[in-house]
Amino acid sequence: MQGYNVIAVYNEISDQWLMCKRKKNPYLGLSNLVGGKIEVGEAGLDAAYRELEEETAITPSDIVLSHLMDFTYYFEDCFVEVYVGKLNKAVTPRGDENDLYWSEPDCDFFDETKYGGEGNIGHIMARILMWRDKVLI
């Protein structure tokens, strides 16, 4: 079963979170969270930090990630691990894989004409807000 991750990154004052506009499929042209594949034998948290640094130049010294939840897609033979964290200082994300931008947290992330993930981004955001005091330390 192939593993993937998505990472919800809040800025240092928790009033915006990092999104990317996808340059390729799946979700070409739609906004999404950053993330990628978990390599065979790689621990999920290690993969999350690696993907975050590869896609945004945000390093483990900039953020502490918490494992929020997982999605398992049995018919697609894959799973997605969801991580969340808040930057510990002002950081300007940069990367070539997708266009990165800061989003306000009160958008309609269930809108599938703007956001990838078949509504999962909206669900992830709702869960983060539910556990805000535990995950945005």
Worksheet, complete the sentence: The condition of being farther than 22 Å from I128 by Cα and basic (K, R) holds, among R22, R50, only for R22
Response to the item:
Per the filter on segment 85-107, residues over 18 Å from T56 (Cα atoms) and surrounded by 12 or more Cβ atoms within 10 Å (Cβ to Cβ) are P105, C107
Worksheet, complete the sentence: Scanning segment 108-119 for residues that are crowded, with 18+ Cβ neighbours inside 10 Å and free of Cβ contacts under 8 Å to residues at least 60 places away in the same chain gives F109
Item to complete: Could you run through segment 110-123 and say how many residues are within 13 Å of the chain's Cα centre (by Cα) and assigned to a loop (DSSP other than H, G, I, E, B)?
Response: 2
Response to the item:
Output for Cβ contacts, cut-off 9 Å, separation at least six or different chains, first residue closer than 12 Å to R50 by Cβ and at pLDDT 95 or above in segment 26-39, second in a loop (DSSP other than H, G, I, E, B) and acidic (D, E), reads V34/E97; G36/E97
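The values are calculated or read from the model by the stated rules, or taken from the named source; none is laboratory data. No experiment lies behind these values; they were computed from the predicted model shown. All Cβ positions, glycine included, derive from the backbone under ideal geometry; neighbour counts span all protein chains shown.
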